[in-house]
Every structure is written in C-alpha cells, then in structure tokens.
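The structure under discussion appears below in the form of structure tokens.
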Amino acid sequence: MILPQIGEEDVHFFQENGYLQIHHFFSPDEVAELGAALDQTVADKRSRIRGSDSTVSDDYARVFNQMVNLWEDYPVVRKYTFDPRLAEVVRRVSRCRHVRLYHDHALIKPPGQHSKETNWHQDAPYWPMQQVGALSAWIAVDDVTVENGCMQFIPGSHTYGRLAPVPLGTEGASVLKTIAETGVTMEIEPAVMAMEAGGVTFHHGCLFHHATPNRTDRPRRALAIIYIPDYITYDGRWDAGGAKDLEAGKPFTGPQHPILAEDSV
Ligand code: SIN
Ligand code: NI
C-alpha cells in the first residue's frame, strides 16, 4: 500500500482544528467509478437503511438523499469504504492503534430551488457511542463549491464536546444556537471546503459543520465513511448501521464493524 502523504503537522492540524482537507486523494478514474456506483444506487432506489422501511420527512429529503451501508450491496462502494489509505489517515489523525468501520453513507444533495441547507450540526450526538472521537471521511464525488453545497467547518469547534442533536431539515435548527444558549460566545469564521471531485475532508464527530443548499441543476454527490477509534464503546442505543449483537459498554465488533487500519508495530 502506498501510504498517504500526511505528516505530524497534519495530525497536529486535525487535533487543533478538528478537520483535515486533502485535495486529489482519488484519481479522476477512481472518482468516476465511485460516481457510477452511486448513480446505480439511486437508479435502484436503494432504501435509506438496508432492509428497513425507515423513511424521512420531505424536509429531510431536501437536505440529502442518504443511503446507509452501501458497501454491503455494492462491491465498488465497498472498495472505497474499505480503502486502506483513507482508514490509515483516520487512524493517524486520531492517534489510535486501530480504527473500525461504523458505517458508510451516500449523501446526495438534490439540486434546485427546493434544496435545503445541511443545518449546522455535530455528528457525534447521533451516534450510539459512549466516548467522543469517532470521525468521518467525506469524499467529493463531484466538484464542490458553495453553490452546490460544499461542506463548511468551524475550526476548533470540536473542543466544545458533544451537544444536543440538531434535527436536520428543520428551519432555524442549528448547533450555533445551542452553543449560544449555553452562554458561550465563539468566533464564527467558517472554513469553506471547496474542492475538486476526488478530494476528501476528514472531520471529528464534534466539529460544527454545515453545507449550503445545492443551487445548481445537478445533484451534489458525496460518500462519507464513519470510523470508530479503538477506545470507543457502544452505548446501547439504536444503531443506524443496523448492527446486531452489540453489547452496551463493549467495543463495536462483528462483521459490520471490521478493523480497517491497524498499527503495524
Ligand atoms: C452534507 O453532506 O451536506 C453534510 C455531511 C455531514 O453532515 O457530515
Ligand atoms: Ni454531519
């Protein structure tokens, strides 16, 4: 495996800021292959959560078409979800011995006037984990700009810890309001994650993040993969990854949560 070119300064940047952006992580051929696979999932009308009739509100659907655990059904998506280079970056920036898969999900922001912003939120409140520290890789499958809904991050906001979950698609709901209500005043200078298709951002589960509505005439496609560092245990709540046989207080194990990168020493 060709190891990703990330150094100690990148690890430090992630720890300080809660995110890392790597342009041109995947080649144009790779991203075209992944894009075709995502288009197939849409053509197949793949359910949001495999084997479940879980539906979402119209407002949520205007934020994105979200499909979880595509790797189980689509070998091409599996190749990217299990990509050892991605997982190794995650392992290094989170300074742990190994990382497991939580789940992947396509996040396809629909185009046009009805497209909605991805409300400012943190991811960690939605995940059934006792500790914080899980993180995501977000692969741009299209070129992303503010116009079609690229991600925006508040550097350093992961240090505020895990706050209440924000209902995505609900007008006005925002983690920025939640934090203001606690009396904390913070600088709101978003880092805008515009990049070409094939670029990847990594973000900590407590980082405040957001995406503008997609005002173009084409969907904005992304594949995000969520990883669990070795020190994290299951908290007993419902698991969007659909995993069975997890025990509260114990690590995530079993075939749905394989180790994707491991320290070799
Ligand atoms: C988005 O793709 O618009 C948001 C992704 C995320 O919330 O992690
Ligand atoms: Ni998120």
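Bear in mind these aren't lab numbers, they're just calculated from the coordinates by the rules spelled out. Remember, it's a predicted structure, so these values are computed and weren't measured experimentally. All Cβ positions, even for glycine, are placed from backbone atoms using ideal geometry, and neighbour counts span all protein chains on display.
Regarding segment 138-149, can at least one residue be identified that is assigned to a loop (DSSP other than H, G, I, E, B), farther than 19 Å from L260 by Cα, touching a helix residue (DSSP H, G or I) at 6+ places or on another chain (Cβ under 9 Å) and away from ligand 1 (no atom under 12 Å from the Cβ)?
No: zero hits.
What are the pairs, 6+ residues apart or on separate chains, where a residue within segment 211-232 that is within 14 Å of ligand 2 (Cβ to nearest atom) has its Cβ under 7 Å from a residue that is small (G, A, S) and part of a strand (DSSP E or B)?
A222/A140; L223/A106; A224/S136; A224/A137; I225/S136; I225/A137; I226/S136
Please go through segment 175-201 and pick out each residue that is part of a loop (DSSP other than H, G, I, E, B) and farther than 26 Å from V141 by Cα.
Answer for segment 175-201, where residues must be part of a loop (DSSP other than H, G, I, E, B) and farther than 26 Å from V141 by Cα: T182, G183, V184, T185, M186, E187, I188.
Out of curiosity, is M186 more than 11 Å from ligand 1 (Cβ to nearest atom), under 18 Å from the mean Cα position of the chain (by Cα) and surrounded by 13 or more Cβ atoms within 10 Å (Cβ to Cβ)?
no
Does segment 113-129 include one or more residues that are surrounded by fewer than 19 Cβ atoms within 10 Å (Cβ to Cβ), more than 14 Å from ligand 2 (Cβ to nearest atom) and under 28 Å from E247 (Cβ atoms)?
Within segment 113-129, one or more residues are surrounded by fewer than 19 Cβ atoms within 10 Å (Cβ to Cβ), more than 14 Å from ligand 2 (Cβ to nearest atom) and under 28 Å from E247 (Cβ atoms).
Given the residues V76, V90, V31, which is the only one that is within 15 Å of ligand 1 (Cβ to nearest atom) and either part of a helix (DSSP H, G or I) or of a type in the set (K, R) (or both)?
From the options V76, V90, V31, the qualifying one is V90.
Across segment 202-258, what is the number of residues that are over 17 Å from the mean Cα position of the chain (by Cα), within 16 Å of ligand 1 (Cβ to nearest atom) and part of a loop (DSSP other than H, G, I, E, B)?
5
Which of (1) surrounded by 23 or more Cβ atoms within 10 Å (Cβ to Cβ); (2) among the charged types (D, E, K, R); (3) more than 25 Å from T170 (Cα to Cα) does R97 not meet, given it meets every other one?
(1)
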